[in-house]
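The next block holds one structure in the form of structure tokens; read it before the comments.
The values are calculated or read from the model by the stated rules, or taken from the named source; none is laboratory data. For clarity, every value in this text was computed on a predicted model and none was experimentally measured. When we count neighbours, we look across all protein chains shown, and the Cβ atoms used for this are built from the backbone with ideal geometry, even at glycine. Keep in mind that these areas ignore ligands, DNA and RNA; they rest on the heavy atoms of the full protein, side chains included. Shrake-Rupley method; radii C 1.70, N 1.55, O 1.52, S 1.80 Å.
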Amino acid sequence: MKKMLLLSILLLMTGISVGCTVSRDNIRGFNLVSLEEEKQLGDKFAAEVEKQRQLVTDPAVQSYVTQLGNRLLTGARSREFSYTFKVVKDNSVNAFAVPGGHIYLHTGLIKAAQSESELASVMAHEISHVVARHGTQQLTQQYGASLVLQLLLGQDPNMLAQLTASLFSQGAFMAYSRGMESQADYLGVETMYRAGYDPRGMLSFLKKLDSLHQSNPGSIGQFFSSHPLTASRIQQVQLDIAKLPPKTYREDSGEFKRIQSKI
Ligand SMILES: [Zn+2]
């Protein structure tokens, strides 16, 4: 009897861990960090990012990305954080999210996008990393939960500064796993669809990044090392889009081109 119990516990545990890593549909992966801790940690990271990087302060640009982000959030599976969307002055094609819903887009990304839905696709992908809480999962997997506590207590401000700086260099502390990237693509497509943005924007942007990467690898920032682009990834997005029922999507607002010309 005891053996049976042990066996079923083991099976249950295996089931849970497999569920966490494999199912793209499950956004409740194991996480040692509470929502409240993630919010606090996220605010600390955001303050540090904004100390280290130069942001675009033009109110028209700021309000455009906030509006686009908020529209996309209507299609997200959950909204447990108060999201912020900001633009970093940097010509590389990149975007990143820190825990707790703070999302940053490089000016290079906005310039490289050919349509609003292409830009929206990267934002939806980043929103999905936040929704599934990949940042804190990755942080605790790599450094242990004690690091989060240390950061929250603010005992070592240098550590926060270094971790934040590593977001912009090769050894990104939140180098997501392949499974996390694939989940962010999957949820990103779903988020776009539900919010009324054409998910084919994700496909065309991934293809564009792929060709940019081949012609000018230096133009693509961290997006590539943290978001490895493989043919299978593009193919998967294509398959996911093909399964969606037909829908009339939002037209690109003229605002996108206007904002693009301002940065
Ligand atoms: Zn990603």
Mind checking which helices in the chain clear 20 Å along their axis (Cα) and have mean Kyte-Doolittle hydropathy of -0.5 or more, DSSP H runs only?
2-22, 59-73, 116-131, 200-215
Can you give me the solvent accessible area of Lys207 with a 1.4 Å probe, rounded to the nearest 10 Å²?
100 Å²
For the chain, give the percent of accessible area contributed by carbon and sulfur heavy atoms, probe 1.4 Å, rounded to a whole number.
57 percent
Please give the length that would be gained between Glu36 and Gln238 if that part of the chain were fully extended, namely 0.36 nm times their separation in residues minus their C-alpha to C-alpha distance (nm, one decimal).
69.1 nm
Over the chain, what portion of Cα pair distances is larger than 35 Å, expressed as a whole percent?
15 percent
Taking the chain as a Gaussian network, where each spring joins two C-alpha atoms under 10 Å apart, which residue of Gly29, Gly218, Gly135 fluctuates the most?
Gly218
Rank Gln137, Gln54, Gln183 by mean-square fluctuation in a GNM of the chain with C-alpha springs under 10 angstrom and give only the top-ranked residue.
Gln54
Relative frequency of Cα-Cα separations exceeding 17 Å in segment 180-220, percent
41 percent
Counting only protein heavy atoms and rolling a 1.4 Å probe, one gets per residue an accessible area for the chain in Å² of 48 Å²
Violations at 27 Å Cα threshold for listed pairs Lys44/Lys208; Lys86/Lys243; Lys207/Lys257 -> Lys44/Lys208; Lys86/Lys243
What are the extents of the Cα atoms of segment 93-227 along their three principal axes, in Å, largest first?
44, 33, 23
Excluding residues fewer than 8 positions from Lys39 in its own chain, the aspartates and glutamates with Cα under 18 Å of it are Glu48, Glu50, Glu80, Glu126
Do any chymotrypsin sites (Phe, Trp or Tyr not before Pro) in segment 20-127 lie in a DSSP loop with no more than 16 other beta carbon atoms within 10 Å, and if so, which?
Phe30
